[in-house]
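Below: the structure, in structure tokens.
Each value in this text was obtained by applying a stated rule to the coordinates, not by laboratory testing. Just so it is clear, the structure is predicted and the values come from calculations on it, not from any experiment. Every residue, glycine as well, gets a Cβ built from its backbone with ideal geometry; the counts of neighbours run over all protein chains shown.
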Amino acid sequence: MKILKITLLMFVVALSTTTMAQKGVKIGHINSNDLLTAMPERTAVQKNLEEYANQLKVTLDAMRKEYETKVGEFQSKQDVMTDIIKETKIKEITDLEKRITEFQQTAEADLQKKEQELLQPIIDKAKTAINDVAKEGNYTYVLDSSVGVVLYSVEGDDILAKVKKKLGIE
């Protein structure tokens with residue numbers, strides 16, 4: 001009984017290997033970073049992100065200027081201040097420091113979220129074009145060479161030019 005199971009298993013493995021060899025595996029590769037950089041929509045996204053980052057920077061700069069002004073006033077007048085006023089001014093400065101730190105963290109997260117939000121339609125468009133080219137070219141696999149996870153592969157076809165053509169990019 002055990003020999004029958006082993007024989008049957010070997011037969012299934014041999015059959016699947018033969019079937020795979022008959023199909024012929026066709027592998028293509030693409031550098032998705034190069035593709036995304038070449039897409040004209042990327043320029044608009046980059047400009048939009050820069051404008052958004054500049055708005056955040058203006059707000060942060062204003063907060064820092066306010067902080068520096070308060071610290072300067074405190075340092076110049078602390079000798080004539082009563083203890084209660086000193087404590088109040090120190091609390092104001094400390095609260096402003098905290099708000100600046102929180103704003104920086106929130107701004108970084110918002111900028112990343114905005115970037116993802118703006119890039120997603122471009123990424124989806126690129127994925128669709130890659131899938132279309134892969135189907136049209138009867139590729140079994142298409143690897144992303146920009147990620148760096150492929151340690152060894154049989155030479156495949158770089159489909160970047162075909163995907164750019166599909167997207168109308170020269």
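The magnitude of the dipole of the stretch 24-167, with charges of +1 and -1 set on the Cβ of Lys/Arg and Asp/Glu and taken from the Cα centre, is near 400 debye. Neighbour counts of other Cβ atoms within 10 Å put ILE159, ILE93 in the fewest-to-most order ILE93, ILE159.
In this structure, the amide hydrogen of VAL142, modeled 1.01 Å from its nitrogen in the peptide plane, lies closer than 5 angstrom to those of GLY28, counting only residues at least 5 positions away or on a different chain. Checking the cross-link pairs LYS26/LYS127; LYS26/LYS162; LYS89/LYS114; LYS47/LYS113; LYS57/LYS91 against a 27 Å limit on the alpha carbon distance flags LYS89/LYS114 as lying beyond it.
In terms of the mean number of neighbouring beta-carbon atoms within 10 Å, the peptides 98-107, 127-136 order highest first as 127-136, 98-107. Rounded to the nearest whole Hz, the Karplus-based 3J(HN,Hα) values (6.51 cos²θ - 1.76 cosθ + 1.60, θ = phi - 60°) of the stretch 71-83 follow the sequence 5, x, 4, 4, 5, 6, 10, 5, 5, 9, 8, 6, 4, with x at glycine and proline.
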